[in-house]
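Only one structure is covered here, and it is reproduced in the block below.
The values are calculated or read from the model by the stated rules, or taken from the named source; none is laboratory data. This one's a predicted model, so the numbers in the text were calculated from it and none came from an experiment. Glycine also receives a Cβ, built like all others from the backbone with ideal geometry; neighbour counts cover every protein chain displayed. For the accessible areas, the whole protein counts, side chains as well, though only heavy atoms, and no ligand, DNA or RNA atoms are used. Shrake-Rupley method; radii C 1.70, N 1.55, O 1.52, S 1.80 Å.
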Amino acid sequence: MEENPTSWFMRVTVTVLFLFLLAPVLLVFPISFSGDQVLAFPPSSWSLRWYEALLENKVMMSAFLTSLGLATVVTILSLIIAIPASYAIVRLKVTGSEFLFNLFTVPLLLPTIVLGLAILIIFASIGFLATFTGLVIGHLVITLPYALRVLSVSLGNLNLACEEAASSLGAKPLVIFRRVTLPMMAPGIVAATALCFLVSFDEVVITLFLTGPRMTTLPVELFHHVESQADPLVASVSVLLILMTLAVVMIVDRTMGLTKAFVK
């Protein structure tokens, strides 16, 4: 069978687009193994000195631990709030559930700099700036919409037959939710967990408004480092963040599928 010339054109076009989009990311990997003092491509020598420098950098490691703890707490709280909220919206269909769903997901449509400025004004008056509590609340504003959307899609796609069978056998609603609905939602919960953790860990714009000398996160510290120094240390941090992002994307794809997670 003769191959359609259009398919070759599409393949070449897609390949060029992928290379264009991924080129900056691919360049980070060789630069992270540079032995040079400044950022340059190609490196004149190779070494692991910048990975060793990262481990010895107490400020960066402290910011990393803050980001790790912050993302963990934010992810847990997002799930605790979003699971019952998605159940009430999708299954119970309480009055105004459509309005509540749209209200909770509004932050996905607003520019993060607007959200950051609004949160800064509120937190400045109640003393939440540069505190762990303030960072948790600020990050919840952007992670909750993701968790709610993913869990609502997961819940909406479940087969009701198992829950109806449990109900016909006399099981109470809470028991049905705990022993039937919740296990069936497991792929959606895993996807929401991965997304919330990643969004919180990588958040920069809102965090810039909320951090200070007393407390900062890894992305913000990396931003300040680039402002004052142009060495390959940022490339080594970037490589580790890219690998973590790829791991999270693979988890989402294997558990729920990227299409189901983001497209209703």
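Take residue 227 and residue 17, extend 7 Å from each Cα along the Cα→Cβ direction, and tell me the distance between the two endpoints in nm.
The two pseudo-label positions are separated by 3.7 nm.
Using mean Cβ contacts within 10 Å as the protection proxy, how do 101-108, 68-75 order, highest first? Walk me through the numbers before you get to the answer.
Details: 101-108: 14.4, 68-75: 19.1.
Per-residue Cβ counts within 10 Å, averaged per peptide and sorted highest first, yield 68-75, 101-108.
Would you mind working out the accessible area per residue for the range 151-264, using a 1.4 Å probe, and quoting it in Å²?
52
Please give me, ordered by residue number, the trypsin sites (Lys or Arg not before Pro) of the range 62-164 that lie in loop per DSSP and have at most 14 other Cβ atoms within 10 Å.
93
Taking N as the number of residues in the range 120-258, what value does Rg over Cα atoms divided by 2.2 N^0.38 Å take?
So the range 120-258 has a normalised radius of gyration of 1.40.
Given the Cα-Cα distance of residue 178 and residue 38 and 0.36 nm per residue of separation, how much length would full extension add, in nm?
Extending this stretch completely gives an extra 44.9 nm.
Multiplying the sequence separation of residue 186 and residue 133 by 0.36 nm and subtracting their Cα-Cα distance, what value in nm do you get?
In short, 16.2 nm is gained.
Once the principal axes of the Cα atoms of the range 2-90 are found, what is the range along each, listed largest first in whole angstroms?
Principal axes ranked by extent give 54, 49, 16 Å for the Cα atoms.
Angle between the Cα long axis of helix 218-228 and the longest principal axis of the chain, 0 to 90 degrees, nearest 10?
30
With loop defined by DSSP as not H, G, I, E or B, and exposure as at most 15 other Cβ atoms within 10 Å, which is the longest segment of the chain clear of exposed GluC sites (Glu not before Pro)?
Here the longest segment lacking exposed loop sites spans 4-264.
With the full set of protein chains in place, find how many percent of the accessible area of the chain is carbon and sulfur; take the probe as 1.4 Å.
73
May I ask for the angle, rounded to the nearest 10°, between helix 186-202 and the longest principal axis of the chain, with both axes built from Cα atoms and the value confined to 0 to 90°?
30
Using a Förster radius of 35 Å, what is the FRET efficiency between residue 93 and residue 122 based on their Cβ-Cβ separation? Nearest 0.05, please.
So, using R0 = 35 Å, E works out to roughly 0.60.
Could you give each residue of the range 89-99 its phi-based ³J(HN,Hα) in whole Hz, using Karplus coefficients 6.51, -1.76, 1.60 with θ = phi - 60°, and x for Gly or Pro?
6, 7, 9, 6, 6, 5, 4, x, 4, 4, 5
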